[in-house]
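Participant: Sending over a structure as structure tokens; questions will come in a sec.
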Amino acid sequence: MTQPSAFTGQIGPLEGLVVVEAGQLIAGPFCGQLLGDMGATVIKLEPPGAGDPMRQWGQGAPVWWEVIARNKKSVSLNLRKPEGQEIARKLIAGADVFIENFRPGTVEGWGLGPERLQETNPGLVVVRMSGYGQNGPYAQRAGFGGIGEAMGGWRAIVGEPDRPPSRMGVSIGDSLCATYGAMGALAALRARDLNGKGQVVDCALYEAVLQVMEGLIPEYVATGHSRKRSGAILPGIAPSNVYPCSDGEYLIGANGDGVFRRLCEAMGRPGLADDPRYATHTARGERQAELDGLISDWTRTLTVEQLEALMLEHGVPAGRIYGPADMLHDPHFAAREAIIEMPDHPRWPGLKMQGAFPKFSATPGGVRGLAPQTVGEHNAEVLGGRLGLDAASLEKLAAAGVI
């Protein structure tokens, strides 16, 4: 199935916003990606030479960079040199947002702390992402996304109860922190619209994870209940599980009273919905394993296609377990332009990736440009166009190891 191509001319709701991103790896760059997808001009500062380590990341091929660095302009800049720091300050003086995800105190040592930057740009919003936040007894500890997932409570409840904690197959802690960072940046820009002043958005990895932990803390305080690892189920929420078919697996979520009744009708056992053992949410939760066993015995007699047809007929929330091949051939993904194609990519012709999200009805975002293929690809455009540096000046800076 043909997927929509990138570069559709969309500009996005953040057109005109200038972001300078000095982050590396995932949290900072993903925050920049989100803002860039919505139309912001994102200037990415990379160390001369190797650049951002994300250029080397990916399973099978280093193509993750093509997603996380799209819509960005690469400027190679050595922030450990005074000349590089001065150039960064000049670029940030004309920006709306500055993103960094170094250990607290690092950018201050480079003369790029918020207080100094806001002396010349009082409306600047500074988004700071770190393992533990900018203050507190752990602030100076090194922190990656996985550490934040552990401290924020995520890892303790993921996996099978008789095995060590598991992790998701994606860097969810970093991505959550980046998403909150982007949301915080937009909220701070709204505040600037009202009072003309910028501010610091302080995002800790562990707190980003904590925000999505639902009732974990109040449940413990109110009743002493501490959530545990429960595998594929959420204890007390039934039926909601992955069920075996004769040729695969299928996810069914029928834990509401009305939905459960429709599932029972699909099973040809409408009386189960009135059986006192399963008639209420509480009763189903108490007999979760028993109920899952009944449903599994039934689903094993069907193919995935047959089960899906029954779920659609009876209006039961359910779905297949998708992998990338499924996504690439699904008509709904295509209709929503959830996946886009880079037909003229210089290294990976026809490369496909997720499109911009969320959807905007009047000012849609999108992918306006490829990820920079070389470190410092846009030095002349950005440093020349924004700071007025000519070719001779750029050559001199390059020779000195500044860019």
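Participant: Say we look at region 190-204 and pick out the residues that are surrounded by fewer than 16 Cβ atoms within 10 Å (Cβ to Cβ) and touching a residue at least 40 places away in the same chain (Cβ under 8 Å); which of these is nearest to the chain's Cα centre (by Cα)?
Facilitator: If we take residues in region 190-204 being surrounded by fewer than 16 Cβ atoms within 10 Å (Cβ to Cβ) and touching a residue at least 40 places away in the same chain (Cβ under 8 Å), then Lys197 is nearest to the chain's Cα centre (by Cα).
Every residue, every condition in (1) under 19 Å from Arg287 (Cα atoms); (2) open to solvent by 20 Å² or more (accessible area, probe 1.4 Å); (3) aliphatic (A, V, I, L, M), yes or no:
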| residue | (1), (2), (3) |
| --- | --- |
| Gly215 | no, no, no |
| Ala222 | no, yes, yes |
| Lys228 | yes, yes, no |
| Ala232 | yes, yes, yes |
| Ala238 | yes, no, yes |
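Participant: With surrounded by 12 or more Cβ atoms within 10 Å (Cβ to Cβ) and either over 12 Å from Ile252 (Cα atoms) or touching a Phe, Trp or Tyr at 6+ places or on another chain (Cβ under 6 Å) (or both) as the only criterion, which of Ala318, Ala309, Ala289 stands out?
Facilitator: The unique qualifying residue is Ala309.
Participant: Look at Ser296 and say whether it is polar (S, T, N, Q), out of contact with any Pro (no Cβ under 7 Å at 6 or more places or on another chain) and surrounded by fewer than 18 Cβ atoms within 10 Å (Cβ to Cβ).
Facilitator: no
Participant: May I pose another question? Restricting attention to region 272-282, and to residues there that are outside any loop (DSSP other than H, G, I, E, B) and within 37 Å of the chain's Cα centre (by Cα), which single residue is nearest to Asn241 (Cα to Cα)?
Facilitator: His281
Participant: Which condition does Leu251 not pass, out of (1) in contact with a Lys or Arg (Cβ under 8 Å, 6 or more places away or on another chain); (2) part of a strand (DSSP E or B); (3) open to solvent by less than 20 Å² (accessible area, probe 1.4 Å); (4) aliphatic (A, V, I, L, M), if it passes all the others?
Facilitator: Going through (1) in contact with a Lys or Arg (Cβ under 8 Å, 6 or more places away or on another chain); (2) part of a strand (DSSP E or B); (3) open to solvent by less than 20 Å² (accessible area, probe 1.4 Å); (4) aliphatic (A, V, I, L, M) one by one, Leu251 breaks only (3).
Participant: Is it the case, given these coordinates, that Leu307 is touching a Ser or Thr at 6+ places or on another chain (Cβ under 7 Å) and either modelled with pLDDT under 95 or among the hydrophobic types (A, V, I, L, M, F, W, C) (or both)?
Facilitator: Answer is yes for this residue.
Participant: Mind counting the residues in region 205-251 that are closer than 19 Å to Arg167 by Cβ, of a type in the set (Gly, Ala, Ser) and touching a residue at least 24 places away in the same chain (Cβ under 8 Å)?
Facilitator: Qualifying residue count, region 205-251: 3.
Participant: Are there any pairs, at least 6 apart or on different chains, whose C-beta atoms fall under 8 Å, with the first in region 82-93 and assigned to a helix (DSSP H, G or I) and the second open to solvent by 50 Å² or more (accessible area, probe 1.4 Å) and among the hydroxyl-bearing types (Ser, Thr, Tyr), and if so, which?
Facilitator: Pairs that qualify, where the first residue is assigned to a helix (DSSP H, G or I) and the partner is open to solvent by 50 Å² or more (accessible area, probe 1.4 Å) and among the hydroxyl-bearing types (Ser, Thr, Tyr), are Arg89/Thr120; Ala93/Thr120.
Participant: Do you know which residues across region 307-331 are in a helix (DSSP H, G or I) and touching a residue at least 12 places away in the same chain (Cβ under 8 Å)?
Facilitator: If the condition is that a residue be in a helix (DSSP H, G or I) and touching a residue at least 12 places away in the same chain (Cβ under 8 Å), then Leu307, Glu308, Leu310, Met311, Glu313, His314, Met327, Leu328, Pro331 are the ones that fit.
Participant: Residue check: is Ala380 at pLDDT 95 or above, open to solvent by less than 80 Å² (accessible area, probe 1.4 Å), assigned to a helix (DSSP H, G or I) and hydrophobic (A, V, I, L, M, F, W, C)?
Facilitator: Answer is yes for this residue.
Participant: Out of Glu15, Glu83, Glu46, I need the residue that is surrounded by 15 or more Cβ atoms within 10 Å (Cβ to Cβ), acidic (Asp, Glu) and either within 25 Å of the chain's Cα centre (by Cα) or modelled with pLDDT under 95 (or both). Which one?
Facilitator: Only one candidate passes the filter, namely Glu46.
Participant: Are any residues in region 170-183 open to solvent by 20 Å² or more (accessible area, probe 1.4 Å) and of a type in the set (Gly, Ala, Ser), and if so, which ones?
Facilitator: Ser171, Ser175
The values are calculated or read from the model by the stated rules, or taken from the named source; none is laboratory data. Predicted model, so just to flag it, every value in this text is computed and none were measured. Note that each Cβ is placed from the backbone with ideal geometry, even for glycine, and that neighbours are counted across all protein chains shown. In case anyone asks, the SASA skips ligands and DNA or RNA and just uses the protein heavy atoms, side chains included. Shrake-Rupley method; radii C 1.70, N 1.55, O 1.52, S 1.80 Å.
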